[in-house]
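**Student:** Please read through the structure below; I'll follow up with questions.
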Amino acid sequence: MSASPARRGAAHGALVVLAFMSLVPFLFMLLTSFKSNEQFYHSYYAFALPPQWGNYVDAWAQIGGYFFNSITVTLVSVAISLLFASIAAYAFARYRFPGSGALYAGVLLVLLIPGTLTLIPAFVILRDLGLIGTHRALYAVYIADSEVLGIIILKTFFGSVPEELMEAAALDGAGELQTIRHIVTPLARPALLTVAIMTTLSCWNDYLWPLIVLPDTRKWTISLGLVAFRDRYAGMSAWGPLFAGFVIASIPLFILFFAFMRQFVSGLTSGAVKA
Amino acid sequence: MKTRTVTLSSPEALASLLMILPAFAVLALFRYSPAISAIWHSLFSWDGFTSGEFVGMDNYRKLLSDPVMAASSLNIGQYIAIRTTLNLLFPLLAAELIFHLGPGRGQSAYKAIFCVPLVVPLMVVLLMWKFIYDAHDGLLNSLLRLAGLSGVTRDWLGGFDSALYAISGLGFPWVTGIGIAGFGMLLYLAGLQGIPGELFDACVMDGARGMRRFLSLELPFLSRPLLLVALLTIINTLQSFVPVMVLTQGGPGIASMVPGLYLYRNAFGYDHFGYACAIGVLMASVLVALALLYTRLESRAEEAR
């Protein structure tokens with residue numbers, strides 16, 4: 001498997017070029033976010049001094065509200081979805097009773113229902129429930145969207161908790177709830193984190209549902225707010241503050257990525273499986 | 001943990017049902033019933049408010065002769081073909097390069113760098129590409145002018161000939177795909193790392209390198225991840241019309257219109273909810289057929305191993 005130094009050098013060369021080109025949009029975004037309009041046109045490719053920190057102040061004034069709305073929507077959706085998914089997954093993993101297999105098949109079936117099919121009737125249901133214009137509409141669709149994979153991932157995980165540990169806990173006189181709290185939950189932390197990150201990604205990135213259910217701009221989430229912000233600022237070619245806004249919108253996911261790289265990657269890959 | 005079999009009347013079964021209930025209530029309200037409702041209402045002329053008028057298969061008949069639907073279908077076919085090719089080839093190339101560096105030699109650094117485009121919020125990625133394609137200030141035209149190719153510069157997203165290709169070409173150099181099917185490189189790398197080392201040693205003995213080693217040894221081990229990425233890319237490209245919506249609104253004219261966006265327009269633009277449901281059912285049938293085809297191919301790939 002060992003390649004010759006010359007071949008390895010060529011591979012490194014090719015990879016560095018590919019990596020650099022992959023990052024170009026984001027490097028350009030970061031670079032430009034510190035430029036005034038004049039600096040943008042004068043030194044398009046180069047770093048320009050002095051850096052315009054004011055762009056970030058300007059951008060924050062435009063999107064700060066959307067940013068916090070997205071934080072709230074994401075946290076609430078992740079918390080409820082994780083709760084619903086984990087208790088259901090525990091029940092599926094722990095007990096078999098007449099009909100439980102059919103119920104689980106019903107969960108798997110949801111993976112075959114595409115979001116474009118349910119989009120319109122789900123909107124009508126949300127409207128009939130009087131949820132249009134509220135973040136509760138988003139919680140509802142995000143929970144429905146993410147709890148299914150949560151149940152599947154967590155059921156598999158709970159099933160792999162060693163039986164000996166559960167028995168030992170029972171011998172020590174621990175009841176079922178105590179066993180869940182002291183044995184199962186700590187062991188399941190990586191799996192719970194994977195599901196949480198998967199849900200966070202889809203909530204933070206979603207554009208369509210807020211567009212449909214939130215007419216009031218004060219309720220808007222970050223994806224929706226960024227589009228409006230872009231339309232205003234690109235119109236006057238104010239790329240500096242606009243890209244500063246893009247950088248701000250990217251910060252939460254980057255923090256998660258560097259804090260939990262392994263779970264982030266597994267959250268990313270497992271999130272793709274749903275139709 | 002072991003699964004315990006209990007009777008339906010036991011307290012454990014009752015507790016389990018209660019634990020499953022919240023998740024199911026949400027699914028019933030926002031997955032099962034909308035799916036059934038979409039199929040049912042595709043048979044109606046419906047504005048989303050009244051109960052609508054039953055029209056049988058009229059919506060589907062109209063779909064077949066709708067020029068916008070025909071153009072959208074052609075567009076999505078092209079779009080899917082290009083994106084699937086890109087999503088299969090370039091991540092595979094990068095995975096091959098990284099894998100043959102050998103363990104330790106910067107492998108994880110490259111992996112992390114190629115993950116970055118997936119960590120950036122989707123909307124930021126889309127809006128950055130909208131900027132890159134911008135006619136006046138965009139990076140692409142600027143680079144072309146720098147290279148002395150001013151004649152090639154254009155309004156990439158605004159041109160009838162270029163809009164669809166510009167959207168399809170998003171994410172250059174395509175090592176990391178856009179959105180949710182973007183991690184192909186990680187899957188291929190994991191596939192390559194799962195090949196037993198003795199097989200590579202045998203390759204060295206046989207003098208098989210490069211393309212021969214790839215075709216005879218590596219490709220069979222990669223058939224499953226390749227199949228998965230292909231399916232996910234097709235499903236995702238077929239369904240997610242937000243990139244088109246943000247970059248071109250389907251325009252100019254209907255030059256980059258896709259079925260998903262047409263569905264959205266029909267419902268929320270023209271109040272043709274019944275017609276939109278019919279488009280949804282048509283798209284869902286294609287998706288389910290693809291998923292079934294995938295399970296067939298997948299089990300065959302498994303047998304071939």
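**Student:** For the range B:167-178, give me the residue count where each residue is assigned to a helix (DSSP H, G or I) and buried (at least 23 other Cβ atoms within 10 Å of the Cβ).
**Tutor:** 1
**Student:** Taking the range A:142-161, which residues are touching a Ser or Thr at 6+ places or on another chain (Cβ under 9 Å) and over 13 Å from A:PHE92 (Cα atoms)?
**Tutor:** If the condition is that a residue be touching a Ser or Thr at 6+ places or on another chain (Cβ under 9 Å) and over 13 Å from A:PHE92 (Cα atoms), then A:TYR142, A:ILE143, A:ALA144, A:ASP145, A:SER146, A:GLU147, A:LEU149 are the ones that fit.
**Student:** A further question on this structure: Would you point out the residue of the range A:211-223, among those that are surrounded by fewer than 23 Cβ atoms within 10 Å (Cβ to Cβ) and assigned to a helix (DSSP H, G or I), that is nearest to the other protein chains (Cβ to nearest Cβ)?
**Tutor:** A:ILE212
**Student:** When you go through A:SER250, A:SER237 one by one, which is the residue that is surrounded by fewer than 24 Cβ atoms within 10 Å (Cβ to Cβ), part of a loop (DSSP other than H, G, I, E, B) and within 11 Å of chain B (Cβ to nearest Cβ)?
**Tutor:** None of the others qualify; the one that does is A:SER237.
**Student:** Additional query: When you check A:LEU154 against the structure, is it of a type outside the set (Gly, Ala, Ser) and without any contact (Cβ under 8 Å) to a residue 40 or more places away in the chain, yes or no?
**Tutor:** The answer is no for A:LEU154.
**Student:** Can you confirm whether B:ALA230 is in contact (Cβ under 8 Å) with a residue 40 or more places away in the chain, aliphatic (A, V, I, L, M) and within 20 Å of B:ASP66 (Cα to Cα)?
**Tutor:** no
**Student:** Can you give me the number of residues within the range B:1-32 that are in a helix (DSSP H, G or I), more than 16 Å from A:PHE84 (Cβ to Cβ), within 7 Å of chain A (Cβ to nearest Cβ) and not hydrophobic (A, V, I, L, M, F, W, C)?
**Tutor:** 1
**Student:** With respect to the numbered conditions (1) within 13 Å of chain A (Cβ to nearest Cβ); (2) surrounded by fewer than 23 Cβ atoms within 10 Å (Cβ to Cβ); (3) part of a helix (DSSP H, G or I), which one is the sole condition not fulfilled by B:ALA208?
**Tutor:** (3)
Read-outs: derived from the displayed coordinates by stated rules, not from any lab. What you are looking at is a predicted structure, and each value in this text was computed from that prediction instead of being measured. All Cβ positions, glycine included, derive from the backbone under ideal geometry; neighbour counts span all protein chains shown.
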